[in-house]
Amino acid sequence: MRMGLKHQWLILAGLALGVTVTNGFARFSYGLILPAMKSEMEWNYAQAGWLNTSNALGYIVGAVITMLLIRRTSPAFLFAFGLITTTVALLATGMNAALWWQTLWRILAGLFGAMSFSTAGVLAAGLFPNDPRRNALAIAILFGTGGGIGIVLSGAMLPLILDIYGNAYWPMTWIAVGTISVTFLPLSLWAAIQLRTPVQAESKAKILPIRRMIPQMAGYAGFGLGYIVYLTFLSAWMTEQAANYGFITLVWVLLGLSICISPFVWRPILARHASGLPLALILTSIGVGSALPVIWPGTFSLLISAVVFGLSVFMAPSAVTNFTRQNLPPESWGPAISLFTVVFAVAQTLGPYGAGLIGDLSQNIGTSLLVAATLLLFGAIIAL
């Protein structure tokens, strides 16, 4: 379908708001709400990490379902269906405090979020088919700015709500992010309708060169293991360091703003390199950002950490999507991105609960941040 440049960028905005819901809200808002939930329910770190692990378990199921359906179902339909159901899951999370209810809806938010998130990359990859630089920027904006908006809104809103009304008000924070997600639906669903392309016939898809893709997949697994620890436990660690809600808000907003501008920082590297180098550089930056506040304690290092981590964290999916686009034919993009998503989903499942156990054993969640940084750096080496 031929469309004007403004039309293409408006479609990208709709897709990016979808990522705001499935990533910024459904996956990462929990890190801001966790200290209040942990306090109210008297959880240990392993229990607190479990809810993000359950979200990641759902993400695995959603990634596998997407990988199976992508050859027979339109990516636009999967994106729209996943987005609507993720929004419902966010609203439902605030309806009941019971652990079984929380676990159920965290799983479903992960499952439906994976369907929408992985197909968003497939849709964006086809927006500028004949312009590699603009295409690289579009993919980076999708994951970076889309997720960053969610972090900024969550960081500016949720700590303030909890500061004013107290920890017992945490269910309403889920209702708040769910309500905002509802307002994003019209533009996102419109964007999906504009990209309703015919499904690729299964016989046209080529066999993926998996052996040659293994280092990139292993590096992406390192990303899944490591990045989630920072976003799950950062607020809890800051609370342990006696940080007030105002400073927590500042750090998260700075983190989110850094994520929003990250596409423009990484655009030249993503457009220029088809190898594993972009992912390796991104993982190194995420690892440094994760370790910095523990190695060099203080408010200034936390601010630097937020910037370094934020400028890199959502660029890992961009690197993998761009790697796929530059190395594989268009008919293989959907299956390849779905495979990367499954690898990532399995890895990130282990992160939150494992980090929680380490935090309980060491009596310091900062130890978990250091372990996560080590895994990220190891993933960077493999990606090279």
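The values are calculated or read from the model by the stated rules, or taken from the named source; none is laboratory data. Computed from a predicted structure; not experimentally measured. Backbone-built Cβ (ideal geometry, glycine too); neighbour counts: all protein chains shown. Just so you know, the surface numbers come from the protein's heavy atoms only, side chains and all, with ligands and any DNA or RNA stripped out. Shrake-Rupley method; radii C 1.70, N 1.55, O 1.52, S 1.80 Å.
Once you divide the Cα radius of gyration of the stretch 323-364 by 2.2 N^0.38 Å, the number left is 1.82.
Taking the longest Cα principal axis of the chain as reference, the axis of helix 170-194 is set at about 10 degrees.
If you roll a 1.4 Å probe over the heavy atoms of the protein chains, what accessible area per residue do you get for the chain, in Å²?
On the way: 14260 Å² over 384 residues.
For the chain, the per-residue accessible area is 37 Å².
Here the chain has 69 percent of its accessible surface on carbon and sulfur atoms, given a 1.4 Å probe and all protein chains in place.
Our estimate of slack between residue 98 and residue 175, defined as 0.36 nm per intervening residue step minus the Cα-Cα distance, is 26.1 nm. Rg over Rh for the stretch 299-368 works out to 1.14, both radii taken from alpha-carbon positions and Rh defined as the Kirkwood radius.
Modelled spin labels at residue 160 and residue 212, positioned 7 Å past Cα toward Cβ, are 5.1 nm from each other.
Taking only DSSP H segments of four or more residues, each worth -39500 (n - 2.57), what value at 222 nm results for the chain once the sum is divided by all its residues, to the nearest 500 deg cm²/dmol?
-28000 deg cm²/dmol
As a calculated quantity, the FRET efficiency between residue 384 and residue 242 at R0 = 45 Å, using C-beta atoms, amounts to about 0.65. Dividing the Cα radius of gyration of the stretch 51-112 by 2.2 N^0.38 Å, with N the residue count, gives 1.16.
Of the listed values (i) 21.7; (ii) 20.8; (iii) 20.2, grab the one calculated as Kirkwood radius over Cα pairs in Å from the structure here. Correct label, based on the coordinates given: (iii). Label zone (residue 190, point 7 Å along Cα-to-C-beta; backbone nitrogen cut-off 20 Å) within the stretch 53-93: 76-85, 87. Residue 141 exposes around 30 Å² of accessible area when a 1.4 Å probe is run over every protein chain in place. Expressed as a fraction of 2.2 N^0.38 Å, the value expected for a compact globular protein of N residues, the C-alpha radius of gyration of the stretch 12-128 is 1.10.
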